[in-house]
Amino acid sequence: MEISHRECTGILLAGGMSRRMGQDKGPMKLGGHMMYRYALAALEKTCSEILISSDRDLPGSENYIRVSDAWQNCGPLGGIHSCLKQSKTELNLVLAYDMPLVSAALLNYLLDHSRDAEMILPIKENKPEPLCGVYKKSLAPLLEEQLEKGEYAVHRLFEKVQGSLLVIEAGMPFFKEDLFLNLNRPEDLEHWDKKEKS
């Protein structure tokens, strides 16, 4: 049975303390737009519903449901767990709000390969990207077990499930050298600025 891409919830991970950046990243301007808008736009083109994982409001995101972590200070795993519990769909696209180069085309590619796996992650240059992937809602109890044990690393979850890694390489229509650029530090912003001006 083919799964419609519309039967999917987007989970925008917008939590975290932004310690390495030194300020809240969400409202920061990037190329004339708030940073989080790039990732949100990719989810908007792909998903029928969007949940924002955050304990604070993002300017301009009032039309979306904000979900606070049930398990505090557990990193992205806590946000994914809380949003999966609230999601109304089995398929869920998870994307960190500080990954502005991820496109709807890539997200649709992940969904195209989501039939038989509980968790689907892209992998580029032998590095899986756990904050850009498809997570089945049925994983929520397993996430809760992991949180109860104090195991907060997302890659530990992947080791326990029927997961799939999709290789991302040059030649794919959505490929970019810095596709999974994660804007965590001021120097990452400088790298972005150089790319924009080149």
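Quick notes on this one:
- Restraint check, Lys127/Lys149; Lys85/Lys137; Lys124/Lys176; Lys137/Lys160; Lys85/Lys124, Cα-Cα greater than 19 Å: Lys127/Lys149; Lys85/Lys124
- Signed unit charges on C-beta, dipole axis of the range 8-197, positive-most listed residue Leu157, Leu183, Ile11: Leu183
- Around Arg66: net Lys/Arg minus Asp/Glu count, Cβ-Cβ under 12 Å: -3
- The 3J(HN,Hα) values that the Karplus relation (6.51, -1.76, 1.60; θ = phi - 60°) gives for the range 137-144 are, in residue order, 4, 5, 7, 3, x, 5, 4, 5 Hz. Gly and Pro appear as x.
- Shape class for the range 31-163, computed from the alpha carbon gyration tensor (a ≥ b ≥ c): oblate, with a/c not under 1.5 and a/b at or below b/c.
- Simple spin-label estimate for Gln72 and Asp57 gives 2.1 nm between the two label positions (7 Å along the Cα-to-Cβ direction from each Cα).
- For the range 8-197, size of Cβ-based charge dipole, Lys and Arg +1, Asp and Glu -1, in debye: 180
- Protection proxy ranking, peptides 175-182, 78-85, average beta carbon neighbours within 10 Å, highest first: 78-85, 175-182
- Here each label is just a point 7 Å from Cα along the line to Cβ, and for Ala153 and Lys176 those points are 2.9 nm apart.
- The stretch between Lys29 and Lys45, if pulled fully straight at 0.36 nm per residue, gains 3.6 nm over its current Cα-Cα span.
- Local electrostatic count at Leu77 - Lys and Arg +1, Asp and Glu -1, tallied over other residues with Cβ under 12 Å: -3
Each reported figure results from applying straightforward, stated rules to the coordinates on display, with no laboratory input. Here the structure is a predicted model, which means the values were calculated and not measured. Note: ideal-geometry Cβ built from the backbone for every residue, glycine included; neighbour counts use all protein chains shown.
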